[in-house]
Structure formats: C-alpha cells, structure tokens
1. Would you pick out the residues in segment A:36-62 that are within 8 Å of DNA strand D (Cβ to nearest atom) and within 14 Å of chain B (Cβ to nearest Cβ)?
2. Taking residue B:91 as the residue in question, decide whether it is under 17 Å from the mean Cα position of the chain (by Cα), surrounded by 15 or more Cβ atoms within 10 Å (Cβ to Cβ), away from DNA strand C (no atom under 16 Å from the Cβ) and within 14 Å of chain A (Cβ to nearest Cβ).
3. Considering each residue of segment A:24-35, count those that are more than 9 Å from DNA strand D (Cβ to nearest atom) and out of contact with any helix residue (DSSP H, G or I) (no Cβ under 7 Å at 6 or more places or on another chain), and give that number.
4. Give the residue, chosen from B:71, B:141, that is within 16 Å of DNA strand D (Cβ to nearest atom) and within 14 Å of chain A (Cβ to nearest Cβ).
5. So which of B:82, B:65 ends up being assigned to a helix (DSSP H, G or I) and either within 13 Å of DNA strand C (Cβ to nearest atom) or within 14 Å of chain A (Cβ to nearest Cβ) (or both)?
6. If the Cβ limit is 8 Å and pairs must be 6+ apart or interchain, which residue in segment A:43-65 that is within 22 Å of residue B:127 (Cα to Cα) pairs with which residue that is within 8 Å of DNA strand D (Cβ to nearest atom)?
7. Which of (1) modelled with pLDDT of 95 or more; (2) in contact with a helix residue (DSSP H, G or I) (Cβ under 6 Å, 6 or more places away or on another chain) is the odd one out, the single condition residue B:99 does not satisfy?
8. Would it be correct to say that residue B:108 is in contact with a helix residue (DSSP H, G or I) (Cβ under 6 Å, 6 or more places away or on another chain) and in contact (Cβ under 8 Å) with a residue 60 or more places away in the chain?
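The values are calculated or read from the model by the stated rules, or taken from the named source; none is laboratory data. None of the values given here were measured: they were computed from a predicted structure. A quick note on method: Cβ atoms are made from the backbone with ideal geometry, for glycine too, and the neighbour counts reach across all protein chains shown.
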DNA sequence: GGCGCTATTGACCGGTCGGCCAGTTTATGG
DNA sequence: CCATAAACTGGCCGACCGGTCAATAGCGCC
C-alpha cells in the first residue's frame, strides 16, 4: 500500500524518441488497483469515474475493462484485496495475544495502533457501512468467533468479569478506536489545539483504556489499590 | 420527518371535477425536502439524481431548481434542517440531565435511545464523515462545551473520576451507541439470532453502560456491588 | 522469421447527469 | 378586471457516465 509514486506514463527511464510502448500486464493491473484503492477510499465507488481512475493510473479506460471487466468487478477486487490484508493482520493479533488479565487492554491498544497506521482501513469501513453491503461476512464471522473464544477463556479464568456478553465487548473494543479515527477531522476542528495529532491520539487511547478497564467511577469507590482478597473464580 | 405518504399528486381532498391545478409553494418545498432527505440518507448525495428526486416528490425537475437553486444548495438545506433538530434535542437532553453520579449513565442511555428512534440521524452522520465535510461545526462546538462543563462539575463533586479528559469521555459516549447502530446490519448478519433487534439493542446498551460505568475488571476486584442498570426495555 | 495471443489504443455508443430557458398557468392586489 | 409576479411545465443542452469494438502493436513460441 501507500506510496504510489508510479504515475506510470513514463515508458522507460529514457523516453527520448518515440519509444515503442512497453508491455507489462502485471504492472498495469497493479497500477490500476492502486489508483482505484486510493480514489475509492477518498471519494467512494459511486463518485469515482473510470475516466478519472484511468487518468490517475496512467492508463486508458479500455484497459481497465480489459483487465477487470466492469467497474463493479474492479471494486470487488480492490475491496477483497484490502480486507484480505486486514483480516489476516487481525487474526494474527488475536491469536498472538495471551488471554490473561490484560488481554483486552493489549488488544484495544493493538487495534488502535493498527487503525492509526492504516487510515485507509478506517475509510474503507466507513464506505462499506454507508453502502450497506455486508462485505467479507465469512472471514469477519471467523474473526469474531476467535475473539469470543479468547474472551470466554479469560472470563472463566476470572480475568474479566463474566456478566458481559463477549460479542458486545468486541463491538465496544472496535467502536472506541474506529469511531475516534472516523471523526478525527471533526475532532481537530472542534479543539483549537497546538497539540500534534498523533500525540492527541495517544491521550485519547490512554483514557479509553482507563475507562474500558476500570470504568468511570472515582477511584475512591474502587478497590484497586486496596483489594481485599484475591479474585475468586466464577 | 418520517411518514411521507404525501406523494402530492392529489390536488385537494375532493378532486372531483377537473379542478385547476392548485398552487402551494410551501407544500411543494416541503415535499421536495422530505423526498430529498429520504433519498440522500439512503443513497448519499452523489448517488441521488435530481430526476429520481423529482419523481419521488411528485414534482418536475425544474421546480427543484426554481425553489432551491442547485442540487448543492438543496443538500445544504436538507442537512441544515436535519442538524438543527438534532442539536436542539441534544442540547435539551444535556441541559435537563442532573450532574450527579448517574449523569453519564443517564446520558448514554438517552443518547442511545435517541439514535434508536432516529436512524436517519445515524446515516446522516455516516454520510457526513465519508464526505469529510465538517458540517454544523458551530452548534456542535457549543454542544461539546456544554457537555464538558457538566462533566467537570461532576468531576469536582467527586462523582466521576477526575483523571479523565471530559472531551474524550464525550467522544466515547457518542462512539458506543453510534457505532452500534452504524454497524447494526453487519451485526445482524453476524449473529444468526432469533432475538428481535430492539431487544438486542437493549442487551448491548446494558453491557455498554456496565463497562462505561464500572469497566471490565471482575467484580471481586471492585468494591461496589453491581447496581441495576437504567436501561429501560423497548 | 513469421504467427498467434493479448495488452493496448482511440473512436464511438446510448443513456443520464445537473442545469437552463422560453412559455403557460395561477394567485394577487391595485 | 387586468397587470404583474411567482409557481410550474416540457423541452433542450453540453458534459460525462460506464461500456463496446475494431484496429494496432509488442511479446512468446514454434
């Protein structure tokens, strides 16, 4: 992902004379996919025209149809390519995390950092949900079940309170970071801050973790520092 | 909002004889605005065509231009009309709520119920954030400042832990319900449930309140016994 | 070295978009 | 009662949409 300096209209490093057009279907496909991802993420599929996309990729419109069929198929491919990466990373994150007391804290932080480093994922999700299409339902289901199992283990071990539905916990754990980055621009317009955005992210994350783990009650009403007995297993 | 049975081609309650076409600019404007809101919310501004909109409102396309100028101006008016209502309701909610220990719990429930009853607001926000426009920045700022003041009071009274930034607390309080309803369709596809959606909402809300107020730590590590949650069932 | 495959091109299609305008109909008020 | 303003209509515009197609040109293979 990312850089995409390749505007591709340079035939060869030296395009002095009327050099014959080089062929490179792989690079062409990649250029189209990259440009498509960028534009789809910025403007949404319906507001991205094939002409615009072709211009950006340094390619003729017909070539897009040649390689991908229709705009719809192209979008599906871009979507699939993106979510494949997303789910792979998430699955690995969950699998790696130990199901101890800090399971959710660590997961929340990891997920937050992931979205921070992958703003495209945030916008992809935003577009998916306004479009109302339930994309990638299968891998997502798998991901949720994996997470639910982890949380159940931690609940049975007395690490997490057991009067909460694991599915809902995951929902909240996604909501807190996702919503933060979705509304980031709005946030920056609300606070006239001299603080740099990434620092602001970290401050929010710290508070989110505090609330997520300990709630909003004042410390005086919590027993964390003077916990009477060891946690009794449920 | 809402019903919009008015397809408008009925001239008068009694359109017996060939009654001359009645003029009613107010009703026309309203019909256009209602149709526009509905379509913009469903498909987004860019994917809603004026012809489609005119058909829905029972009006010619030219009439839309006559009353609103351009599509852009029409959208602005719809947006403004919607957010004016939204902000008014929210402001009243905040002003009414007592800044006691259950301030945030009550606010979270109230906001959740509001979104539950106004799905259009959820989608409006979704569209706003993919569009990237910071609409209605002024009233929103006012709203946040109001909420921040309330939270500060509660913090100073020792009702809410004071090591949290009020702005972030509000962000989370918005994120938990908003994100739930934004992804509602996805949720329903994830769980193959026999439970009815509104009941599911209440279950999520109950857990969200628990986490928001008390965090995720097991009860054995907290000093306060669980108190019943204020989530009134649908 | 020629031949077939295919990546690549540019011209072109019907359709729809947002917007405009000239004209008709209705309400109003002097 | 008629002049005038405003509500309303149908038709039209140029631009652009997604998509097609025949022709061209680079590449691998025998």
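1. Within segment A:36-62, A:46, A:48, A:49, A:52 meet the criteria.
2. On the way: under 17 Å from the mean Cα position of the chain (by Cα): yes; surrounded by 15 or more Cβ atoms within 10 Å (Cβ to Cβ): yes; away from DNA strand C (no atom under 16 Å from the Cβ): yes; within 14 Å of chain A (Cβ to nearest Cβ): no.
So residue B:91 does not fit the description; no.
3. Here the count works out to 5.
4. Details: B:141 fails: within 16 Å of DNA strand D (Cβ to nearest atom).
On inspection, the qualifying residue turns out to be B:71.
5. B:65
6. A:45/A:71
7. Checking residue B:99 against (1) modelled with pLDDT of 95 or more; (2) in contact with a helix residue (DSSP H, G or I) (Cβ under 6 Å, 6 or more places away or on another chain), the one that fails is (1).
8. yes
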